[in-house]
Structures are given as C-alpha cells and as structure tokens.
Amino acid sequence: MVESYKKLREESKETLIQKYDVVAPHTVSGLNYYRDEIARRDAEEQSLLILNFTKQMRDMTVAITVMTGLVLVLTMVNVYLVWPK
C-alpha cells in the first residue's frame, strides 16, 4: 500500500532511505530507474557548476566594488590636489 502524498512529504529523509532499502530487494528495476539516476546526477553536476559560477560572480562583484571605491578615493584626492586655492 502506498502512503498519501502528505504523509510521504512529512517523512524524514533517513526514514525514506530505510523504507527504500527494505522494498528495493523485492523490486525489479527497469530502464526508468537508471535513466532517473542519470538525470539526477546530471542535475547535481549542473547545480554544482551553477553554484561555482555564482561564487565567481560574487567574488568579481566584490573586487569591482573595491576597485570602484579606490578609484573614487583617488579621484577625490586628485581633485583636492589640483583644485585652485
């Protein structure tokens, strides 16, 4: 018997893994089983690539912000030094 969707969503990951391990030896795997696992792994790889890209974008944004602040300070110093007194 299959649990309701609500009950399934409320189960912890560890409980679901235990239930899976109990049922798995009595189940025949088909092509969808392997295709789904391949798709899951592909999605995980894609997520890691996106996460790494996001970290690089954050680092570049911080660097550009620091450089912009430095240019602003240097410009203010330059204006102060050449402004007629």
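Key figures
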{"read-out": "Phi to ³J(HN,Hα) by Karplus 6.51 cos²θ - 1.76 cosθ + 1.60 over the range 36-53, Hz, x for Gly, Pro", "value": "5, 5, 4, 5, 5, 5, 4, 5, 5, 4, 4, 4, 5, 4, 5, 4, 4, 4"}
{"read-out": "Among L16, L70, I50 the positive-end extreme of the charge dipole of the chain (Cβ point charges)", "value": "L70"}
{"read-out": "Loop GluC sites (Glu not before Pro), the range 1-42, which have at most 15 other Cβ atoms in a 10 Å radius of their Cβ (DSSP)", "value": "E3, E11"}
{"read-out": "Karplus (6.51, -1.76, 1.60) ³J(HN,Hα), θ = phi - 60°, over the range 3-10, in Hz, Gly and Pro reported as x", "value": "6, 5, 4, 4, 5, 4, 5, 7"}
{"read-out": "From the coordinates shown, semi-axes √(5λ) of the Cα gyration tensor in Å corresponds to which of [x] 26, 19, 11; [y] 60, 16, 8; [z] 31, 13, 12", "value": "[y]"}
{"read-out": "Vicinal HN-Hα couplings computed from phi for the range 19-30 (Karplus, 6.51 cos²θ - 1.76 cosθ + 1.60; Hz; Gly/Pro x)", "value": "5, 4, 5, 6, 7, 3, x, 9, 10, 9, 8, x"}
{"read-out": "Helix-derived mean residue ellipticity, 222 nm - over the chain, DSSP H n ≥ 4, -39500 (n - 2.57), to 500", "value": "-28500 deg cm²/dmol"}
{"read-out": "Anchor K19: lysines whose Cα lies under 27 Å away (excluding residues fewer than 8 positions away in-chain)", "value": "K6, K7"}
{"read-out": "All aspartates and glutamates inside 16 Å of K13 as judged from Cα atoms, apart from same-chain residues fewer than 8 positions distant", "value": "E3, D21"}
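Rule-based calculations on the coordinates, nothing more; no lab input. Because the structure is predicted, anything quoted here is derived from the model rather than measured. Ideal geometry is used to build each Cβ from the backbone, glycine not excepted, and the neighbour counts take in all protein chains shown.
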